[in-house]
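Okay, structure first, notes after.
We did not get these values from a lab; they are worked out from the coordinates using the rules stated. Since the structure is predicted, the reported quantities are computational estimates derived from the model, not experimental observations. Neighbour counts are summed over all protein chains in view; Cβ atoms, including those assigned to glycine, are modelled from backbone coordinates with ideal geometry.
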Amino acid sequence: MSHPRPSRPTLLLVLALAALWGCSSDKPKPVEQLFSDVQFDLTVPPETPVDAEIFLKGPTATFGGTDGRGLEMVYQGGRQFSLKARLPKNTAFTYAVRMTAPTAQVALDAQGAPEADRTVTARENEETVTLTVERFGAEGGQTGARTVFIVQVPDITPVGAKVWLSGNLPELGGWDGAGVELYQAVDNAYAGAVTFAAATGMEFKVTRGSWETVEKSARGTEVANHTFTTGGGFERVPVAVKGWADLSTPPPPTGDVRYLRNVVPQHSSLKPRDVIIWLPPGYEADATHRYPVLYMHDGQNLMDDSTAFAGEWNVDETAQALVESGKVEPLIIVGIYNTSDRIAEYTPVPAPKYPDAGRADVYGQFLIQELKPSIDAKFRTKPEAEFTGLAGSSLGGLVSLSLGLKHPDVFSRLGVVSPSVWWADREIVSEVNALTTKPALRIWEDIGTNEGDGDEAETVADAQALRDALVAKGWVLDDDLKYTVVEGGQHNEAAWSARFGDLLRFLYPVKQ
């Protein structure tokens, strides 16, 4: 008698049970992992050399021991170094961060003392240890004054370029174009350290070794000097360069701008110079309309970035906007370039330190007898004194007032910006005091509170003395005399640019 065969599902169940019964109940447990991979991520100070070699070094063999180099970290870009180390679990290790090249240095704390050794104990696999070094320095620490300049350069900077600081102090080269050479640092920066006494004020710029390669704005325009005053301890000065003079093309002046090139004075020994002329909107549209004129000194710094040696006033942009918005009477602005004889031409009398100065009257005769008639002949001007102004800053403000006082029959609107009243022991104040009658002059005078620097400096006290002398002779504040003290105002083109619009509104208001 045959027996029935078991069904397929039943057979599979029996085999599965048999397999389970055959398994040992005392299967070995997995061996516990004795090591842990630890990721060390280090943020270094911004002045760290780009070719720095950095190690984690400690007394045990794992971290190099007494004579070993330690565990080398790898530069990751920016300010980051990192390494991955396999460390025995639950074992405490002592180590320190060391820079071995380009010079041997240790990690310092914020006060400049050597940093205490660090410890690490691996508990879990794939742990991360985050580290930061405030600064690197000598084995014994580093105290005292130390100013570190951190300069970020634009992408257009040539690979491997050398970068320099040039400033107004001997430690910065005395404006020679290449005072302090910087080294390449991490994060695409350049860095360098200089020691100054506490409370040292400085001005400086960044170059690639000469004034032909000085820093510029991103669009190629002039930038103001960087300024800094030291505190006496360790400090960093961050600087961002946006462009270079030889690698950036500045934009052309705004509006209708003309030039008279190489104008040679015919009746004096004054040097030749260029003249730049800004014409108001609509000048070409109406061939019958005539315009008042404002003559300005230091013409290369007024409206053409390609010639500005200390930044420009943005005269073109400001005048264009104010005329188009109807806030200023349409006018012609004439900028007379200065020469290497600027001090002599812009001063009415000599001074002890400048015995060859005092040629303002000769310069004035050139303006009155040669340049102004030429401008009146070439352009549609209103040549009368009531429509003609003269303006400038610093010594340019001084000469504007001096010539205006002597020639009110030629100039009646004066822009006296940050005037050098100090010249020749306030000689300009004496000129005002000597007036027997008050000429019909409309005068703008201003000064910034941060313009004083040294014996020969424009100060609020000097500007107030000039204001008081004018008031004593009959000028009326906020009528035909506008006196403005600019809080925080400095002695530079950026400051003068900021208030040029107010000057225009006062000297050339729209007639109601």
Problem - the chain - mean residue ellipticity at 222 nm from DSSP helices (-39,500 (n - 2.57) per run, n ≥ 4, rounded to 500) - result: -5000 deg cm²/dmol
Completion exercise
Quick shape check on region 375-502: root eigenvalues a ≥ b ≥ c of the Cα gyration tensor, a/c under 1.5 is rounded, otherwise prolate if a/b tops b/c, else oblate, and it reads oblate
Completion exercise
The residues W496, W244, W211, sorted from fewest to most surrounding Cβ atoms within 10 Å, come out as W211, W244, W496
Fill in the blank from the handout: Note on the chain: helices (DSSP H) long enough, at least 24 Å by alpha carbon along their axis, and hydrophobic enough, mean Kyte-Doolittle at least -1.0, are none
Problem - Phi to ³J(HN,Hα) by Karplus 6.51 cos²θ - 1.76 cosθ + 1.60 over region 425-438, Hz, x for Gly, Pro - result: 6, 6, 4, 5, 5, 5, 4, 5, 4, 7, 4, 9, 9, 7
Practice task
Under a cut-off of 17 Å between alpha-carbon atoms, report the aspartates and glutamates in cross-link reach of K382, not counting same-chain residues fewer than 8 places apart.
Solution key: E284, D286, E329, E370, D409
Exercise for the section: Positive end of the charge dipole of region 29-175 (Lys, Arg +1 and Asp, Glu -1 on Cβ, about the Cα centre): tell me which of V159, Q111, G70 has its Cα farthest that way. Expected result: G70
Handout entry: For region 256-507, the spread of Cα positions along each principal axis, largest first, Å
Key = 49, 40, 38
Exercise for the section: Before anything else, pin down the relative contact order of region 359-512: Cα pairs under 8 Å, at least 6 apart, normalised by residue count, whole percent. Expected result: 20
Practice task
Give the distance, in whole Å, between the Cα centre of region 301-360 and the Cα centre of region 383-411.
Solution key: 12
Problem - Percentage of interatomic Cα-Cα distances in region 137-185 larger than 12 Å - result: 71
Exercise for the section: Pop a pseudo-label 7 angstrom from the Cα along the beta-carbon direction at both D356 and K327 and give the gap in nm to one decimal. Expected result: 4.4
Handout entry: Over region 146-244, volume per residue of the alpha carbon convex hull, in Å³
Key = 83
Practice task
With mean projected area of the Cα convex hull in nm² in mind, check (1) 22.4; (2) 44.5; (3) 28.3 and report the label derived from this structure.
Solution key: (2)
Completion exercise
Of all DSSP beta bridges having both residues in the chain, the percent classed as antiparallel (nearest 5) is 60
Problem - Among beta bridges that DSSP assigns inside region 256-507, antiparallel share in %, nearest 5 - result: 30
Handout entry: region 146-244, relative contact order in percent, only Cα pairs under 8 angstrom and at least six apart counted
Key = 37
Completion exercise
Assertion target for S210, S340, S497, ordered by fewest C-beta neighbours within 10 angstrom first, is S340, S210, S497
Problem - Cβ-based charge dipole, the chain, positive-most Cα from F506, F411, Q320 - result: Q320
Practice task
Return the FRET efficiency for the residue pair A440, V460: r is the Cβ-Cβ distance, R0 is 25 Å, and the value is rounded to the nearest 0.05.
Solution key: 0.35
Handout entry: Packing-based exposure ordering (other Cβ within 10 Å, fewest first) of Y183, Y95
Key = Y183, Y95
Practice task
Quickly work out the V485-to-E212 label distance, labels modelled 7 Å from Cα along the C-beta direction, and quote it in nm with one decimal.
Solution key: 4.7
Practice task
Please sort 250-257, 503-510 by packing, taking for each peptide the average over its residues of neighbouring beta carbons within 10 angstrom, highest first.
Solution key: 503-510, 250-257
Practice task
Grab the beta carbon distance between T94 and T195, set R0 = 30 Å, and tell me the FRET efficiency rounded to 0.05.
Solution key: 0.30
Practice task
Report, ordered by chain and residue number, the aspartates and glutamates lying within cross-link reach of K89, taken as a straight Cα distance under 17 Å and ignoring same-chain residues fewer than 8 apart.
Solution key: E32, D37, E124, E126, E127
Handout entry: Exceeding the 27 Å Cα-Cα cut-off - candidates K162/K242; K271/K378; K162/K353; K216/K353; K482/K511
Key = K162/K353; K216/K353
Exercise for the section: May I ask you to derive the relative contact order of the chain, considering only C-alpha pairs under 8 Å and at least 6 residues apart, and to give it as an integer percent? Expected result: 9
